[in-house]
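Take a look at the structure set out below.
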Amino acid sequence: MEEANVARLGCDRERELLDAIGAGRWAERCDEELHTHVAGCAECSDVAAVATALFEDRLTTVHGVAVPRSGLVWWRMQLRARREQERAAARTVSMAHTVALVSAFGVAAAILGVTLLADPGASLPKLASAIRAGALEVSSPSVFASWSGPLLLALAAWLVLAPVAVWLAVTEE
């Protein structure tokens, strides 16, 4: 607030001078009265020297900028959008693979659990001997009967999850 009360020490024509320099009218296309004032006022001559140097530096910088062609900017924008869509699709596929892997482990655990829970006393030695032999015995009908429920559940899960995964892969965010 105190700064507003302090009297401005300076020339009243600085604003007019700065406007002329900023508009590119200084020196050649400026009125003679302002030229005469700047020649006689030390402060305005300093302002004119500094502002003219800054204005010329700005013009040099602006003219030195290489703006790319619009076709190149459009092509880069399309390329970036395509890459972002590819990343989104890759994330969706990765998520679908993760869900499939977790589902497969879940189904395997369910099958193993159902097999073991059906007759724990007989299933554990049978499973241990099958593991030692290197292959599970699947010749008895009771084994197929105990596996049919989890297999049908896994098939139903795939029938539900596959269209969802495809939908997620092809939709845009």
**OP:** Give a residue-ordered list of calculated ³J(HN,Hα) values for the range 73-86 (Karplus: 6.51 cos²θ - 1.76 cosθ + 1.60, θ = phi - 60°; whole Hz; x for Gly, Pro).
**Re:** 5, 5, 4, 5, 5, 5, 4, 5, 5, 5, 5, 5, 5, 5
Original post:
For D31, what is the net charge nearby, where nearby means another residue's Cβ is under 13 Å from its Cβ and Lys, Arg count +1, Asp, Glu -1?
Top reply: -2
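The numbers here are math on the coordinates, done by the rules we state, and not lab data. In this text the structure is predicted, and so the values were computed from the model without any measurement. Cβ: placed from backbone, ideal geometry, glycine included. Neighbour counts: every protein chain shown.
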